[in-house]
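Colleague: Structure provided below as structure tokens; questions to follow.
Quick note: the coordinates plus some simple rules give every number you see, no bench work behind them. Keep in mind that what you see is a predicted model, and the values were worked out from it rather than measured. Cβ placement follows ideal geometry from the backbone for every residue including glycine, while neighbour counts extend to all protein chains displayed.
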Amino acid sequence: MTILVTGSAGHLGEALMRSLRATRREALGVDLKASPFTDRTGSIGDRDFVRACLGGVTAVIHAATLHKPHVATHSRQDFVDTNVTGTLALLEAAVAAGVEAFVFTSTTSAFGSALTPAAGEPAAWVTEEVAPIPRNIYGASKLAAETLCELFARQHGLPLVVLRTSRFFPEADDDAAVRERYETANVQANELLCRRVDIDDIVSAHLKALALAPRLGFARYIISATTPFGREDLGALRRDLPAVVHRLYPDCRALFAARGWRLFPRTDRVYVNRLAVAELGWRPRYDFAHMLDCLRAGTDFRSPLARQVGSKGYHTASFAGGPYPVA
């Protein structure tokens, strides 16, 4: 099986290529940018380029995308061209080439405004049943691409799995207030409670999805670290998240204090990965409990793969006000 990986110069694309090469699986990396993990350079919106890349390919992992960090620096048309038209070109070529499995990397940002409960309401329990309400062109374009994926699975029998991944980039938070109050590692440790996933776990989810796509036909899953919370915690999480965490992990207070860290005061959402765990047999390893184990041991809670890929940034330019301009 030869696997085409789009976005091979990006965070996830590189992680996928590293993992596939490490296990000696045949993989072809494609990206606009040259990199040690890019075999062919070109645009996924170029149908001739895409058709040429799919020669001899039996599976596709489509990770190339414009992300939320590009909303303020790219036009809406850019998002449509890359995230929608590029996905359409890949789907058409995949059907023509007889591809046996296709995995599309989407995002929990597709949920958008569905993740903002009204004042006084409990935190949102976010499963695949929640109807997305995109907040910006990023979410809208990814949701449109998901719809194309489902259409091609239904009309053409293309085995296809959509994975909505939560946060995994290592860069600092785009919110200046968050950056002022918390160091980056503290932010990302907190996010493991409800809205972050390690890139190693994302890779394993993609490989599970690729293997099971022919059996599943079409499926959509949330890919996020396993939350320690239950539905019964949602009201308390909106009011006093530390009280819930300290009940579940009594030594968290001391472990955080030793690092000068703090828990977030509250959360408005909890991403739930139960369907992916049940149907894909996916077993994420890098969760909040693992992070606490690493604090006890004095080790880095990120996976070795996350450390290897490192920080890439989102733009060729740098910005004084943060990791990227916020629209």
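Colleague: For the pair Ser311 and Ala289, what calculated FRET efficiency results from E = 1/(1 + (r/R0)^6), where r is the Cβ-Cβ distance and R0 = 25 Å, to the nearest 0.05?
Modeller: 0.50
Colleague: In addition: Quickly rank 201-213, 75-87, 177-189 as a protection proxy: mean count of other C-beta atoms within 10 Å, highest first.
Modeller: Top to bottom by mean Cβ count within 10 Å: 201-213, 75-87, 177-189.
Colleague: Add -39500 (n - 2.57) for each DSSP H run of 4 or more in the chain, then divide by its residues: what number comes out at 222 nm, to the nearest 500 deg cm²/dmol?
Modeller: For the chain, the value works out to -11500 deg cm²/dmol.
Colleague: Shifting gears a bit: Between Glu232 and Arg247, what length in nm is gained on full extension when 0.36 nm per residue of separation is reduced by their alpha carbon distance?
Modeller: Between Glu232 and Arg247, full extension yields 4.1 nm more.
Colleague: Amide H of Val60: which non-local residues (sequence gap of 5 or more, or other chain) have their own amide H closer than 5 Å, using H built in the peptide plane?
Modeller: Close amide H contacts, sequence-distant or interchain: Leu4, Ala101, Phe102, Val103.
Colleague: Tell me the net charge near Ala225. Cut-off is 13 Å between Cβ atoms, Ala225 excluded, with +1 for each Lys or Arg and -1 for each Asp or Glu.
Modeller: So the surrounding residues net to +2.
Colleague: What does the extension gain come out to for Ala258 and Ala34, with contour length at 0.36 nm per residue minus their alpha carbon separation?
Modeller: 76.4 nm
Colleague: Quickly work out the Thr147-to-Ala118 label distance, labels modelled 7 Å from Cα along the C-beta direction, and quote it in nm with one decimal.
Modeller: That separation, rounded to one decimal, is 2.7 nm.
Colleague: Could you pull out every residue, at least 5 positions away or on a different chain, whose amide H is within less than 5 Å of the one on Ile223? Hs are placed 1.01 Å off N in the peptide plane, and Pro or chain starts have none.
Modeller: Arg164, Thr165, Ser166
Colleague: At a Förster radius of 51 Å, what calculated FRET efficiency corresponds to the Cβ-Cβ distance of Thr58 and Ile133, to the nearest 0.05?
Modeller: 0.90
Colleague: A further question on this structure: Using θ = phi - 60° and the Karplus form 6.51 cos²θ - 1.76 cosθ + 1.60, what ³J(HN,Hα) does each residue of the range 6-15 get, whole Hz, x for Gly and Pro?
Modeller: After applying 6.51 cos²θ - 1.76 cosθ + 1.60, I find 8, x, 5, 8, x, 4, 6, x, 5, 4 Hz.
Colleague: Can you list residues from other chains, or at least 5 along the same chain, whose modelled amide H is less than 5 Å from the amide H of Phe218?
Modeller: Correct list: Leu160.
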